[in-house]
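One structure below.
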Amino acid sequence: MPIHVRANPGDFAPAVLVPGDPKRAKYIAETFFDPGARLVNDERGELGYTGTFGGKPISVQSVGMGGASAAIYYTELTQQLGATRLIRVGTAGGLKTGLRMGDTVVAVSATSDDPMIDILTGGDPHAPTADWRLVELSARLARERGATVHVGPIVTSAVFYDPRPGIMKRWEDRGHLAVEVEASILYTLGAIHGFESLAIMTVSDMIGEEGDTVRISDAELKAGVDQMMQVACDVAVAGL
């Protein structure tokens, strides 16, 4: 039994949604899964549930915030509990002109501004990249459901309150859509261990050139996340 996800093989489905917030994990299980999802992990307050979506097995497990926390859960889920597909569902700060709060971002790749990547790859250069089939499917489904979806590269930062002047502008100038704190770790571990990975996020705030932010309202955030979650659940169980 893993140390942090106190569950046994078979407790989790092959496809696992991995939000950061345990409250969001509970909300996902209660709102989007078919009735009857069961709690399979609550160690350290990080909640995991397993149920079905459209009759197909699916799980959700919260992973905390940042790469160091998330990597623990990604590793235990895939290397000890049998998960073969992890989909990060969460929020991101929008960088690119034209994004609006509540839009959906599908990350093709995640530039890593996190030294954990060097540890995981032994210092070898690496481009953290999503599973293309999941990217393509999620973008199509999001558009079919009427979402405004943006597909492209994002940045994964190790620092939420980044003190470096102008860093957000430099990221934007190089074509990054948004910034968040876990996707590059997910994509790198997916490459190392051979599991499918995708990060799909709702734009929760717009970040200015100097790091100043404009935050979405709670109602707008809920609407954006709910729209994103319908897509994420469909993608999670596709082909399984």
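The values are calculated or read from the model by the stated rules, or taken from the named source; none is laboratory data. Nothing here was measured: the structure is a model prediction, and the numbers come from that model. When we count neighbours, we look across all protein chains shown, and the Cβ atoms used for this are built from the backbone with ideal geometry, even at glycine. The protein model used for the area step is the full one, side chains on, heavy atoms only, and it has no ligands, DNA or RNA in it. Shrake-Rupley method; radii C 1.70, N 1.55, O 1.52, S 1.80 Å.
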Testing A158 on (1) of a type in the set (G, A, S); (2) more than 26 Å from D234 (Cβ to Cβ); (3) open to solvent by less than 40 Å² (accessible area, probe 1.4 Å), one condition comes back false. Which one is that? (3)
Here are V179, V151, V89, V108: which of them is in contact with a Ser or Thr (Cβ under 6 Å, 6 or more places away or on another chain) and at pLDDT 95 or above? V179
Under 23 Å from L189 (Cβ atoms) and within 20 Å of the chain's Cα centre (by Cα): does that describe P125? no
Can you pull out every residue in the stretch 182-227 that is in a helix (DSSP H, G or I), at pLDDT 95 or above and under 17 Å from the mean Cα position of the chain (by Cα)? A183, S184, I185, L186, Y187, T188, L189, G190, A191
Residues in the stretch 32-64 that are without any contact (Cβ under 8 Å) to a residue 60 or more places away in the chain, within 14 Å of V16 (Cβ to Cβ) and not hydrophobic (A, V, I, L, M, F, W, C): how many? 10
Hey, could you check the stretch 1-57 for residues that are of a type in the set (G, A, S) and on the phi > 0 side of the Ramachandran plot and say which is least open to solvent (accessible area, probe 1.4 Å)? G45
The stretch 200-222, residues that are open to solvent by 10 Å² or more (accessible area, probe 1.4 Å) and within 16 Å of A25 (Cα to Cα): L221, K222
Is the stretch 161-173 home to any residue that is touching a strand residue (DSSP E or B) at 6+ places or on another chain (Cβ under 8 Å) and surrounded by fewer than 17 Cβ atoms within 10 Å (Cβ to Cβ)? no
For V105, state whether it is among the aliphatic types (A, V, I, L, M) and open to solvent by less than 20 Å² (accessible area, probe 1.4 Å). yes
Give, as residue ranges, the strands (runs of 3 or more DSSP E) completely inside the stretch 1-53 that count at least 3 residues that are of a type outside the set (D, E, K, R) and more than 18 Å from the chain's Cα centre (by Cα). 38-41, 48-53
How about the stretch 92-101: which of its residues are crowded, with 22+ Cβ neighbours inside 10 Å and in contact with a Leu (Cβ under 9 Å, 6 or more places away or on another chain)? A92, G94, L95
What about F195, is it open to solvent by 50 Å² or more (accessible area, probe 1.4 Å) and either at negative phi or free of Cβ contacts under 8 Å to residues at least 24 places away in the same chain (or both)? no
